[in-house]
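So the structure is just underneath, and the comments pick up after that.
All of the numbers you see were taken from the coordinates with simple rules; none came from a lab. Here the structure is a predicted model, which means the values were calculated and not measured. When we count neighbours, we look across all protein chains shown, and the Cβ atoms used for this are built from the backbone with ideal geometry, even at glycine.
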Amino acid sequence: MEENREKSLTEILLALKQTAEAIKTEDTQVCRAIGEHGATLLRPGMGILTHCNAGALAASEYGTALSPIYVAQEKGISLKVFADETRPVLQGARLTAFELHTAKVDVTLICDNMAAVVMSKGWVDAVFVGCDRVAANGDTANKIGTFSVAVLSINFSIPFYVCAPFSTIDPLTKTGADIVIEERAGEEITDLWYSKRLAPEGVKTFNPSFDVTPAEYISGFVTEKGILQPPFDGKK
């Protein structure tokens with residue numbers, strides 16, 4: 001904000017506050033629009049599975065992947081939501097389950113490795129997840145475990161939707177192979193949530209924070225512009 005360079009500290013702080021409020025307002029509008037488009041895919045009594053956290057704790061007011069659920073609730077559409085715990089940092093258990101329970105949404109928390117059983121029982125009609133980045137061909141990076149859920153969705157013929165602002169699409173990244181995945185400390189796996197270490201000292205770990213779901217596994221991208229299909233070359 002170079003135009004504020006010569007202004008007083010009070011004026012600069014006011015400008016920062018106004019800019020922050022404008023960003024929040026825009027983000028809220030985007031998230032609400034994602035919810036409106038996503039809600040058109042929902043019917044009363046449907047079971048929805050989600051992975052990680054993409055709600056009001058991650059984005060303004062409605063979030064992204066949870067926005068269709070919140071908008072559906074406002075419209076009187078009752079849903080049953082299954083929230084994956086999202087190992088190893090448990091964002092689904094600590095954040096998503098908290099959000100939905102507080103909002104009085106019918107939510108059931110499950111371990112990540114229970115998703116197949118829940119799907120096999122016919123309890124899941126659609127999967128809604130957020131994402132961190134979408135390549136031009138539609139390959140999508142999201143929290144580790146998302147790819148596994150997508151594979152299960154294909155097996156059980158369950159639609160799998162990615163909910164994200166249109167700005168998440170990166171046309172300069174050709175495919176998911178071009179997305180660099182962060183690897184985190186092995187302690188997240190071995191002893192983060194426990195009073196004592198569960199795994200043997202010195203054991204090797206592999207702890208990627210994200211994975212990439214191939215575009216062909218994704219039923220649609222729910223954005224503020226509508227429900228879109230790749231490729232996204234030149235659409236930004």
Sort MET119, MET114 so the one with the fewest other Cβ atoms within 10 Å of its own Cβ comes first. MET114, MET119
Modelled FRET efficiency - R0 30 Å, THR19 with LYS225, Cβ distances, 0.05 increments: 0.80
Would you kindly derive the ³J(HN,Hα) couplings of segment 7-13 from the backbone phi angles with the Karplus curve 6.51 cos²θ - 1.76 cosθ + 1.60 (θ = phi - 60°), listing them in order in whole Hz, with x for Gly and Pro? 7, 6, 4, 4, 5, 5, 4
Among LYS7, LYS204, LYS121, which comes first, second and so on when ranked by fewest other beta-carbon atoms within 10 Å? LYS204, LYS121, LYS7
So if each residue of separation counts as 0.36 nm, and I subtract the Cα-Cα distance between LEU192 and GLN29, what length gain in nm does that give? 55.0 nm
When the chain is fully extended, how far beyond the present Cα-Cα distance does GLU182 get from TRP123, taking 0.36 nm per residue of separation? 17.9 nm
Rounded, prolate or oblate, given the Cα gyration tensor of segment 10-228, with a/c below 1.5 counting as rounded? rounded
Taking the Cα centre of segment 50-160 as the origin, how large is its charge dipole in debye, to the nearest 20, when only Lys and Arg (+1) and Asp and Glu (-1) carry charge on their Cβ atoms? 120
Quick one: which residues, 5 or more positions from THR108 or on another chain, have an amide H under 5 Å from its amide H? H modelled 1.01 Å from N in the peptide plane, none for Pro or chain starts. VAL81, PHE82, ALA83
Please report the antiparallel percentage of the DSSP beta bridges confined to the chain, to the nearest 5. 35
Residue separation times 0.36 nm, minus the C-alpha to C-alpha distance between GLU61 and HIS101: what's the value? 12.9 nm
